[in-house]
Amino acid sequence: MPQEYRLKVAKFGGSSVASSWQFRKVRDIVQADPARRFVVVSAVGRRDKHDAKVTDLLYLVNAHLRYHVSCDDLFGTVGVRLSEIARELRLEYPISQEFGLFRERAKTGCFTEEHIVSRGEYFTARMMAEFLGMPFLDAADVIVFHHDGTLDMQRTEERLQAAARECEGGFVMPGFYGATEDGQIKLFDRGGGDISGAVVARCLGADLYENWTDVSGFLTADPRIVDDPLPIPHVTYAELRELSYMGASVLHEDAVFPVKEAGIPLVIKNTNSPEDAGTVISAGDDGQARAIAGVTGRRGFVAVRVKHARGVSGASALRAVLAVAERYRAAVERVSTGLSSCTLLFEEDAVKECLYSLVAAIEQEVAPESMDVVEHLALVSTVGRALPERPELTGRLFDALGRAGIDAPFASRNPGEISVTVAVAEQDFENAIRVIYAAFVH
């Protein structure tokens, strides 16, 4: 990344703080750039696939306490993980005693679930602050929630700016939680550590928000489907939203909104390979001529195709069909219309209890000429800001699918949109992604 950034907020995810060795990597990264003055950390995460996240263990602790089931083993596991890190780093913070006091008070039932779960971030940040030699700032003192659970951005900004002045321009803060004015701990949704980091970046006017994790940015396709997919060096916020919605493992939109609104670029970086460029997310184009940003998708859809009866306009038939779907509280994922028919796509899980009742109601109330239900579909979405300006790219996509013998019974693309979405049979899902990837990425 360019070195002209004067102020960076660096957020480190659970995998980045999962062990004493990972703590050392974080220290090296922070000390390598004096612009990294504000650090936000998640709770201790998994060291490997057989491990458990401290946050998940604390959710289990709360469930055991609620049903009066012994949770000593769970408390023990969390306590050992935290104490091991402190001992191996030779920290003075008395984590064993502090965690022991928390455990005994939690067992009396005096803490809410949100308070219990937030302690993973709290204890991790306490240890990280000492290890980095930086002041600790409790998120409960500066991240302010309204009582309805929404963030009070104005008061949060005032408190964060005051804290930055008092801490002489740098601190370590736990992510994922804050508190109401009366001190009640409140959690962000899952992924809340990323939201916390973005809020700090916005409120302190950062030049760059760094999100450190265990991958070197985003890839143009799922590596479990496509061999060695190319990294995405830059995406716009609009492309990120499309990729995230269609299933790519990227940041949640809520985690991006604070910095997006403030015009602050965000970069995804790898704690284990800090020299990798990562992926930059910003509002503007980076000037590189890439055909697509990525191709992704989701399985588990069903289509209901309704052919209108003669004499019935397409608009009135569609209104009637949508009214039935709304009555059954069946959220429609996509809609495609033609002169004599309309097709509605639903997530299979969302309609599995009511699909055939829904179809029967459409048949009775709309009286179509015919109806078809096609199950076991998948949606594949190709995303790229160049798509609206280069019509040949859409042609290349469908040509590639046709040459591969993959039928796409449903397609969605509106003028000006930066994505083309097609429905394919689930058995063709992975091959469709590979085919599209090969057509655009050489």
Open item on the list: Would you confirm whether or not the stretch 375-386 contains a residue that is surrounded by 15 or more Cβ atoms within 10 Å (Cβ to Cβ) and either assigned to a helix (DSSP H, G or I) or over 28 Å from the mean Cα position of the chain (by Cα) (or both)?
Closed with: no
- [ ] Could you grab the pairs with beta carbons closer than 6 Å, sequence gap of 6+ or different chains, first residue in the stretch 362-380 and in contact (Cβ under 8 Å) with a residue 40 or more places away in the chain and more than 15 Å from PRO409 (Cα to Cα), second one charged (D, E, K, R) and open to solvent by less than 80 Å² (accessible area, probe 1.4 Å)?
- [x] PRO368/LYS307; GLU369/LYS307; SER370/LYS307
TODO: State yes or no: is ALA317 surrounded by 15 or more Cβ atoms within 10 Å (Cβ to Cβ), touching a strand residue (DSSP E or B) at 6+ places or on another chain (Cβ under 7 Å) and part of a helix (DSSP H, G or I)?
DONE: yes
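PHE131 - would you say it is at positive phi, crowded, with 18+ Cβ neighbours inside 10 Å, in contact (Cβ under 8 Å) with a residue 60 or more places away in the chain and not β-branched (Val, Ile, Thr)?
Numbers: at positive phi: no; crowded, with 18+ Cβ neighbours inside 10 Å: yes; in contact (Cβ under 8 Å) with a residue 60 or more places away in the chain: yes; not β-branched (Val, Ile, Thr): yes.
Here the answer is no, as PHE131 does not meet what is asked.
Find the helices (runs of 4 or more DSSP H) located wholly in the stretch 95-156 whose residues include 2 or more that are over 25 Å from VAL199 (Cβ atoms) and modelled with pLDDT of 95 or more, and list them. Steps first, please.
On the way: elements: 95-107, 113-132, 139-142.
Counting at least 2 such residues, we get 95-107.
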Open item on the list: Checking the condition exposed (fewer than 14 other Cβ atoms within 10 Å of the Cβ) and of a type in the set (D, E, K, R), which residue from ARG24, ARG81 passes?
Closed with: ARG24
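Would it be correct to say that ILE116 is of a type in the set (Val, Ile, Thr) and farther than 19 Å from ARG47 by Cα? Steps first, answer last, please.
Values: of a type in the set (Val, Ile, Thr): yes; farther than 19 Å from ARG47 by Cα: yes.
When the stated conditions are applied, ILE116 passes them.
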Task: helices (runs of 4 or more DSSP H) fully within the stretch 181-290 counting 1 or more residues that are buried (at least 17 other Cβ atoms within 10 Å of the Cβ) and over 17 Å from the mean Cα position of the chain (by Cα) - done: 192-203
- [ ] Pull up the stretch 157-175, narrow it to residues that are over 11 Å from CYS203 (Cβ atoms) and either assigned to a helix (DSSP H, G or I) or more than 24 Å from the chain's Cα centre (by Cα) (or both), then point me to the one that is modelled with the lowest pLDDT.
- [x] GLY169
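Only residues that are touching a residue at least 40 places away in the same chain (Cβ under 8 Å) and either of a type in the set (Gly, Ala, Ser) or in contact with a helix residue (DSSP H, G or I) (Cβ under 7 Å, 6 or more places away or on another chain) (or both): list them for the stretch 134-150, please.
Start the filter on the stretch 134-150 by keeping residues that are touching a residue at least 40 places away in the same chain (Cβ under 8 Å), which leaves 134, 139-140, 143, 145.
Of everything in the stretch 134-150, those that are touching a residue at least 40 places away in the same chain (Cβ under 8 Å) and either of a type in the set (Gly, Ala, Ser) or in contact with a helix residue (DSSP H, G or I) (Cβ under 7 Å, 6 or more places away or on another chain) (or both) turn out to be ALA139, ALA140, ILE143.
One line per residue, one yes/no per condition, for (1) surrounded by 13 or more Cβ atoms within 10 Å (Cβ to Cβ); (2) in contact with a helix residue (DSSP H, G or I) (Cβ under 7 Å, 6 or more places away or on another chain); (3) modelled with pLDDT under 90; (4) part of a loop (DSSP other than H, G, I, E, B):
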site	(1), (2), (3), (4)
SER336	yes, no, yes, no
LEU358	yes, yes, no, no
ASP372	yes, no, no, no
GLU392	no, no, no, no
GLY395	no, no, no, no
PHE398	yes, no, no, no
ILE406	yes, yes, no, yes
ASN431	yes, no, no, no
- [ ] State which residue pairs qualify: first residue aliphatic (A, V, I, L, M) and inside the stretch 290-301, second residue open to solvent by 20 Å² or more (accessible area, probe 1.4 Å) and not in a strand (DSSP E or B) in any location, beta carbons under 6 Å apart, and separation of 6 or more residues or different chains.
- [x] VAL295/TYR437
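Considering each of VAL226, VAL215 in turn, give the residue that is β-branched (Val, Ile, Thr), out of contact with any His (no Cβ under 6 Å at 6 or more places or on another chain) and free of Cβ contacts under 8 Å to residues at least 60 places away in the same chain. Steps first, please.
Details: VAL226 fails: free of Cβ contacts under 8 Å to residues at least 60 places away in the same chain.
The match here is VAL215.
The values are calculated or read from the model by the stated rules, or taken from the named source; none is laboratory data. Note that the coordinates shown come from a computational prediction; the quantities given were computed from them, not determined experimentally. Reconstructed Cβ throughout: ideal geometry from the backbone, glycine too, with neighbour counts over all protein chains shown. Just so you know, the surface numbers come from the protein's heavy atoms only, side chains and all, with ligands and any DNA or RNA stripped out. Shrake-Rupley method; radii C 1.70, N 1.55, O 1.52, S 1.80 Å.
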